[in-house]
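The values are calculated or read from the model by the stated rules, or taken from the named source; none is laboratory data. Quantities reported herein were computed from a predicted structural model and do not represent experimental measurements. A quick note on method: Cβ atoms are made from the backbone with ideal geometry, for glycine too, and the neighbour counts reach across all protein chains shown.
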Amino acid sequence: MPITIHPPKPPRPLISDNLPSDDSDSDSDTSIGGVDLGLPPKKRLTQFTSSPYTGIVTPGEIITPDPQWMRGHGTYIPPQTTDITSSLAGTITRTNKLISVRPLRARYTPEVGDLVVGRIVEVQAKRWRVDVGSTQLASLPLSAINLPGGILRKRTETDELQIRTFFAEGDLLVAEVQQLFQDGGAVLHTRSLKYGKLRNGAFVAVSGMGGGGGVVRSRRQAWTMEGANGAGQIDVCLGVNGYVWISKHVETPAELEGGGKTAAGITNMEENVSATMYSSQNDKVDTETMREIARLRGVITALVENGLRVDEEMLNRGYHEAVEMAMVDWNGPDDIYLGGERGEMLAAALTGK
Amino acid sequence: MASQIHVNLSPAELAYLHASLSLTPPIRPDGRSPDQYRPLSAETGILPGTNGSARICFADGTEAIVGVKAEVEKTGRRWDDDTIFLEGGGDDEEGGDKEKGSTQQGGNKEWVELTVEIPGQRDDDSATVFLAQMLSEALLADGGFVERLKINRGWHWKLYLDILLISPPLSYPLPLLSLTTHLALLSTRLPRLKSEGDEDPFFDDDWAAAPYLYPRDKKARPPVTLLVMAVGNNIIFDPAKEELAVADVVLAVSVADVADRKGKGVEDEDMDVDGRKLKLLSIRTVDPPSRLTPPGVPNASNTAYGHASAGATQQKMPEARAVESEAVEGVWKAPRGGAKLAVMGALVQKVLQKGGVADEVLDALEAVDLS
Amino acid sequence: MTDRRRINGPAGTTIPPIFEDTSNKEDANSVKGRTRAPDAVRKMFLRTGVTPTASGSAYLEYESSAKSGVSGIKLSCTVHGPRSLPRSSPFSPHIVLSTHVKYAPFATKQRRGYLRDPSERDLGTHLETALRGAIIADRWPKSGVDIIISVIEGDQDRASSGPQSDETWDMMNVLSGCITVASAALADAGIDCVDTVAGGVAALVQGPSEDTPPSVVVDPIPSEHERILGACCIAYLPTRDEVTNLWFKGDLPASEMDLYTKLVENGILASASASKVLVDCLKDALA
């Protein structure tokens, strides 16, 4: 069926679980006309002293007046008091003595050490401006990239004039956040073999960080997985900022020579890898791998649309689930469409397990 | 103009997308089949102050609302109108002859005013104007639409179609706007006329008695514009932004269901009772954003490639020059030249074929509940 | 409130007197309809280098019809560029094309204003699509080129007393002229192109009576035909045999797709004729 038109979804019924539940039920049943403004009393969580209260707060709600807690992101202390008050609408998180409020949906805020996938939007004199989905463009200085020809190659004026040969507008790269400016802007670097320009694959942008959905910071942001149905190995790189890159795994010459072993001297490795580091020429990707890459992309989109978190474990499970679904589906394993209803089925299967 | 949508993709991504879409069958980035539309939700009758309204949301979050309002306007009598001095004689000559009817309505294009508003763009921006012209062209192409707006000899309805794109344009908004306009027109009702003949018109106040502009029992329907693109030999419908960025040719084709024609019996025999007779109203090529994409640099001429061995760079120089104009596999190059006639013909054929995408889209729109 | 002190005119609106077209009445019957063959285009005059201050320029004229009062098309095109983009604009790896089509206020029967109206912007968009396919854009990064076309005479039937028919058909003729003249001006300006572009129009016209099948004619003048059912304007690259822009408008049943194909093929024929004139003109200019 080429086109499916749905009627619009009815509005979700209001779930009032923050209200003290006893009064509201009885009131709403017996009231005839008029609106029951069952406003909750001003929330003062006096039971917070020892046990943590994890719940949803809104800006202005006092979390705790106890001065033993330290305040983190998303909170503030009004002057002349010691009450930690929330400044965002989100969930309270507590790590040791630190209380912070994590918003349900917010733009990505960079932290030092994050692995991010970014797109170059501007080329300036000695640096690039990179879009990482944050409030500000991140900057990648020319001194922070690996110049082809080895790690010890001196940066010359020619490099500055030929800056577009390294990264031009629109290029995708994977980098790490090295430091943060005062205003929250990030400074990136690609001084490692696993960072650099991205090719041989497809890009997905996942929006909304924090809360239940979106890409979460986990132990492994980039890994290689086996594709099903005869596809080769597929690299997945989940940027913490919500940008994801899925590509065909290309054997580096070092790996090939060493027969899969990551031996070889440091200088050799540098030279071998840097040959293709700034290439924008794709290698041949076969049909099966392309199909599986598209399937993975669909899995990520389905996870996000249904509010599930996106990390290695969920993605692996989701992918295997999707492959199984396609097997039993009447369209055959070639059917990779995971939008709309099929995405919901996939999410249901994952949460049900 | 599709090229206005700023597409920011790297040459590597573009080359990958192009390779993916050139396969047989093509593998689209979101896994749809070539003629599959993204799921959308549609509703009509959302604006009680209008004669007709509709709202469509695509799965990617783009949304459009169309409102149709009608006003009664006096038909300016033309200075060359032969029937001025005839009391009622003008009507006799009309008969069933469409020819005379259209000459009587001189400036009938002005009876429909269509405006498109896209957030972030001025209304005299060339892309917005192109969209507005395309949509109004489809509506006015056959001349039959303005016939419905006639009240009597001296009065007519002036229809204002206001198309609003609510979300910022993520992808080329033409199919969304066209489907929404189609639905809004389907749900448009004009008050029932109570006056007779050529007297000043007055209408029934009962809105429930108002007939539809396109009566449900007749076959005629408003036009719909489909966006279709080709990559290599593959024809792809409802392209997403990334797919448009690698298109070889993009066409906007407007089709409509033909009204019951009296007299042309020959074609009726071929047509089965439930089948649709489509007619082609307009075709426009849309400038694909693929022409504005940055080119990739093949490894042979990439100065940042393979610096490890200094000696090899010398050998690469003559090759580099030769490679500049040739297409290297895996390297993206913006398309040059135009499209072959055969490819365009195949695109149009695919849209119009019986039981094809146009039929399915019109059927699906038909099934939307009109409130 | 009637004014009783004076002798008043009629209360409502009046219609000005209509005079019979004596001059055209005799000619109308004899020269009605098209005198050219269905596949013959009007004669064209094309010359480049008419505006010395511009990087490139060209002037195009289509001949008027044999019937008196039907004017031809007169177009003037100037090309400025390639020139560098302003500092504030973002980096562009290819040339930035901007087209500007404007009817002179006196060009058509109904006077047009000084500001561009939507139909002129629409023509500009069509022209841009047609030319973009021909220009080798990535040879000129960070540059822009401006193409400005003035329509001095817009191919309309001035003497006709009939109602103004749909002016889209006239616009299609003007568009095909714009494409040809812009291509000549681009070549005059020395901008690399893969091929010359030429524009051509073909129309589906109704036969003498309702029952005869419609016929396809090339380079139509709307006043010469009883009724135009559909028309298409094509921008064609003759050496590469490719189409960069196609604009079709009309009313064609889907069951008669072979008519559509015939229409497009004739449009290409018209473009091919125009491109011959274009190539001859460019060669003359170089000689």
**OP:** Give C:Pro86, C:Pro82 a once-over and let me know the one that is over 28 Å from B:Gln133 (Cα atoms) and without any contact (Cβ under 8 Å) to a residue 40 or more places away in the chain.
**Re:** C:Pro86
**OP:** Please specify each residue of the stretch C:234-270 satisfying the condition of being in contact (Cβ under 8 Å) with a residue 40 or more places away in the chain, within 7 Å of chain B (Cβ to nearest Cβ) and not in a helix (DSSP H, G or I).
**Re:** C:Leu237, C:Arg240, C:Glu242, C:Thr244, C:Asn245, C:Trp247, C:Lys249, C:Gly250, C:Leu252
Original post:
Do we find a residue being modelled with pLDDT under 85, touching an Asp or Glu at 6+ places or on another chain (Cβ under 9 Å) and within 13 Å of chain A (Cβ to nearest Cβ) anywhere in the stretch B:278-294?
Top reply: yes
Original post:
What tally of residues in the stretch B:20-41 results from selecting those that are facing another protein chain (nearest Cβ under 7 Å), touching a residue at least 60 places away in the same chain (Cβ under 8 Å) and in a helix (DSSP H, G or I)?
Top reply: 0
Original post:
Restricting the search to the stretch A:276-300, which residues are part of a helix (DSSP H, G or I) and within 7 Å of chain B (Cβ to nearest Cβ)?
Top reply: A:Thr287, A:Met290, A:Arg291, A:Ala294, A:Arg295, A:Arg297, A:Gly298
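Within 17 Å of the chain's Cα centre (by Cα), among the aliphatic types (A, V, I, L, M), within 13 Å of another protein chain (Cβ to nearest Cβ) and within 27 Å of B:Phe145 (Cα to Cα) - does that describe any residue in the stretch C:212-225? First the steps, then the outcome.
Within the stretch C:212-225, the first condition is being within 17 Å of the chain's Cα centre (by Cα), and the residues that meet it are C:217-224.
Okay, now just the ones that are also among the aliphatic types (A, V, I, L, M), so C:217-218, C:221.
Add one more test, that the residue is within 13 Å of another protein chain (Cβ to nearest Cβ), and what stays is none.
Checked the stretch C:212-225: no residue is within 17 Å of the chain's Cα centre (by Cα), among the aliphatic types (A, V, I, L, M), within 13 Å of another protein chain (Cβ to nearest Cβ) and within 27 Å of B:Phe145 (Cα to Cα).
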Original post:
Do you know which residues across the stretch A:140-172 are more than 9 Å from chain B (Cβ to nearest Cβ) and in a strand (DSSP E or B)?
Top reply: A:Leu140, A:Pro141
Original post:
Looking at the stretch A:298-331, which of its residues are over 18 Å from B:Pro29 (Cβ atoms) and among the acidic types (Asp, Glu)?
Top reply: A:Asp311, A:Glu312, A:Glu313, A:Glu321, A:Glu324, A:Asp329
Original post:
Would you pick out the residues in the stretch A:68-93 that are out of contact with any strand residue (DSSP E or B) (no Cβ under 8 Å at 6 or more places or on another chain) and either of a type in the set (Asp, Glu) or at pLDDT 85 or above (or both)?
Top reply: A:Gln68, A:Pro79, A:Gln80, A:Thr81
Original post:
What pairs can you find where one residue is in the stretch C:1-20 and surrounded by 10 or more Cβ atoms within 10 Å (Cβ to Cβ), the other is hydrophobic (A, V, I, L, M, F, W, C) and assigned to a loop (DSSP other than H, G, I, E, B), and their Cβ atoms are less than 7 Å apart, with a gap of 6+ or different chains?
Top reply: C:Ile15/B:Trp79; C:Ile15/B:Ile84; C:Ile18/B:Trp79
Subject >> Residue list for the stretch A:178-215, filter: surrounded by 22 or more Cβ atoms within 10 Å (Cβ to Cβ), more than 14 Å from chain B (Cβ to nearest Cβ) and at pLDDT 90 or above >> reply: A:Ala186, A:Leu188
Subject >> Those residues of the stretch C:220-273 which are of a type in the set (Lys, Arg) and either in contact with a strand residue (DSSP E or B) (Cβ under 9 Å, 6 or more places away or on another chain) or closer than 21 Å to B:Leu140 by Cβ (or both), in sequence order >> reply: C:Arg227, C:Lys249, C:Lys262
**OP:** Identify, by number, the condition in (1) in a loop (DSSP other than H, G, I, E, B); (2) touching a residue at least 60 places away in the same chain (Cβ under 8 Å) that C:Val201 doesn't meet.
**Re:** (1)
Subject >> Residue that is aliphatic (A, V, I, L, M) and either surrounded by fewer than 13 Cβ atoms within 10 Å (Cβ to Cβ) or outside the structural domain of A:Gly239 (by TED's automatic domain parsing) (or both), where the choices are A:Val132, A:Val112 >> reply: A:Val112
Original post:
In the stretch C:187-198, how many are surrounded by fewer than 24 Cβ atoms within 10 Å (Cβ to Cβ) and assigned to a strand (DSSP E or B)?
Top reply: 1
Original post:
From the set of residues in the stretch A:301-322 that are of a type outside the set (D, E, K, R) and assigned to a loop (DSSP other than H, G, I, E, B), which is farthest from the other protein chains (Cβ to nearest Cβ)?
Top reply: A:Leu308
Original post:
Quick check: is even one residue across the stretch C:252-260 buried (at least 21 other Cβ atoms within 10 Å of the Cβ), out of contact with any helix residue (DSSP H, G or I) (no Cβ under 7 Å at 6 or more places or on another chain) and hydrophobic (A, V, I, L, M, F, W, C)?
Top reply: no
Original post:
Going by the conditions given, is C:Ala231 out of contact with any His (no Cβ under 9 Å at 6 or more places or on another chain) and either closer than 27 Å to B:Leu347 by Cβ or assigned to a helix (DSSP H, G or I) (or both)?
Top reply: yes
**OP:** Among the residues of the stretch C:90-127, count how many are more than 11 Å from chain B (Cβ to nearest Cβ) and either closer than 26 Å to C:Lys142 by Cβ or in a strand (DSSP E or B) (or both).
**Re:** 2
